[in-house]
Amino acid sequence: MSLEHHKDASLRFQQQVDNSRDYVIPFIQQEFPELRGLRVMEVGCGEGGVLAPLLEKGCNCVGVDLVPYRIELARNFLGQYSQNGQLRLIAKNIYDVDFLGEFRNSFDIIILKDAIEHIPDQEKIIGHLKQLLSPRGQVYFGFPPWYMPHGGHQQICENKFLSMVPYIHLLPRPLYKGVLRIFGEKQDTIIDLMDVKSTGISIERFERIVKRQQYKITQRRFYLINPIYKYKFGVNARKQWGPIAAIPYVRDFLTTCVYYMIKPEQ
Ligand SMILES: C[S@@+](CC[C@H](N)C(=O)[O-])C[C@H]1O[C@@H](n2cnc3c(N)ncnc32)[C@H](O)[C@@H]1O
């Protein structure tokens, strides 16, 4: 069942703005209480809604997204900030751009909100981001862990039953693909879902990469109910219960969203 926000860009933008203002920014402010004047980059910015409240607070922002159409939408929604020089929008693959030439040691905050699970070779990107950070810089991540009930993004399925069945994305690849075909999903949707299956990231794997790439976790929050569901489905956010959050692997299956701030070890 593809939902209204999958088709309506203004609605999606507004949901990004509300979620960013109410949840993402207060989380980031635990590390950066004063945001004015900070340099921020969002990788996978989509329509730009996550950046909007940061722009309102006086940050200087760069938004990067692979899909030119989404960058075009961001330009429409955030035109005033492009015009006053506070925002630059770049339609490029994060791996294609020579960011290092232009942005080495530039950003106080780099944001990957619902993006890391779409980007291949997460070890490479997480390592690479370090070079773009300023000396006090940190990276924020928000993502749905792979093993959670809908970690495969199957809610984008047209078929209502498929879009609601939990854990179906954990089937072996050929079986999962076969099921999607039998239920009549479009080829584009199947490609998208198989891409997420290739790149999906669990809590445990994320933390292993962070450690191997010599970062330190400065903030971490697990949600039983993802804050974005409030704006998409009217269900209130709920933090994960402490004892569950403390059990590796088990927490992966029961946590619908995680937020992290990480910074390079000195
Ligand atoms: C689910 S959307 C998230 C949009 C927004 N950050 C939000 O929280 O709503 C993920 C975005 O990441 C972008 N993306 C995926 N891979 C990328 C890459 N390699 N480089 C830049 N952007 C990428 C996609 O085009 C998409 O717009």
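Read the figures in this text as sums done on the coordinates, not as results from a lab. Bear in mind that the values here come from a model prediction, so they are computed numbers and not experimental data. Using ideal geometry, Cβ is built from the backbone for each residue, glycine included, and neighbour counts are taken over all protein chains shown.
Against the definition (more than 14 Å from the ligand (Cβ to nearest atom), out of contact with any Pro (no Cβ under 9 Å at 6 or more places or on another chain) and over 14 Å from Q16 (Cβ atoms)), how does K57 come out, yes or no?
Considered against the rule, which asks whether it is more than 14 Å from the ligand (Cβ to nearest atom), out of contact with any Pro (no Cβ under 9 Å at 6 or more places or on another chain) and over 14 Å from Q16 (Cβ atoms), K57 comes out as yes.
Report every pair of residues separated by at least 6 positions or lying on different chains whose Cβ atoms are under 6 Å apart, first residue within the stretch 100-114 and among the aromatic types (F, W, Y), second part of a strand (DSSP E or B) and within 15 Å of the ligand (Cβ to nearest atom).
Qualifying pairs under 6 Å: F107/M41.
Could you tell me which of the residues Y223, Y176, Y167, Y229 is out of contact with any His (no Cβ under 6 Å at 6 or more places or on another chain), aromatic (F, W, Y), over 28 Å from H128 (Cβ atoms) and within 15 Å of the ligand (Cβ to nearest atom)?
None of the others qualify; the one that does is Y229.
Inside the stretch 172-209, can you point out the residues that are assigned to a helix (DSSP H, G or I), within 25 Å of the chain's Cα centre (by Cα) and among the hydrophobic types (A, V, I, L, M, F, W, C)?
Scanning the stretch 172-209 gives L180, I190, I191, L193, M194, V196, I203, F206, I209.
Can you tell me which residue among F206, F161 is hydrophobic (A, V, I, L, M, F, W, C) and over 19 Å from L254 (Cα atoms)?
Exactly one of F206, F161 is hydrophobic (A, V, I, L, M, F, W, C) and over 19 Å from L254 (Cα atoms), namely F161.
Can you spot a residue in the stretch 155-170 that is touching a residue at least 24 places away in the same chain (Cβ under 8 Å) and within 18 Å of the chain's Cα centre (by Cα)?
yes
Look through the stretch 208-231, keep the residues that are more than 24 Å from S20 (Cβ to Cβ) and not aliphatic (A, V, I, L, M), and return whichever of them is surrounded by the most Cβ atoms within 10 Å (Cβ to Cβ).
Step by step, filter the stretch 208-231, then rank; the result is Q213.
Search the stretch 81-98 for residues that are crowded, with 16+ Cβ neighbours inside 10 Å and pair each with any residue that is in a loop (DSSP other than H, G, I, E, B) when their beta-carbon atoms are under 6 Å apart and the residues are at least 6 apart or on different chains.
If the second residue must be in a loop (DSSP other than H, G, I, E, B), the pairs left are L87/L78.
Which of the residues that make up the stretch 104-121 are under 16 Å from the mean Cα position of the chain (by Cα) and surrounded by 22 or more Cβ atoms within 10 Å (Cβ to Cβ)?
Hits for the stretch 104-121 are I109, I110, I111, L112, K113, A115, I116, E117.
Need pairs with beta-carbon distance below 8 Å; first residue closer than 16 Å to D114 by Cβ and within the stretch 227-248, second within 16 Å of the ligand (Cβ to nearest atom) and hydrophobic (A, V, I, L, M, F, W, C); sequence gap 6+ or separate chains.
P227/A237; P227/C257; I228/C257; Y229/A237; K230/A237; K232/L3
When you go through G49, G37, G44 one by one, which is the residue that is more than 11 Å from the ligand (Cβ to nearest atom) and small (G, A, S)?
G37
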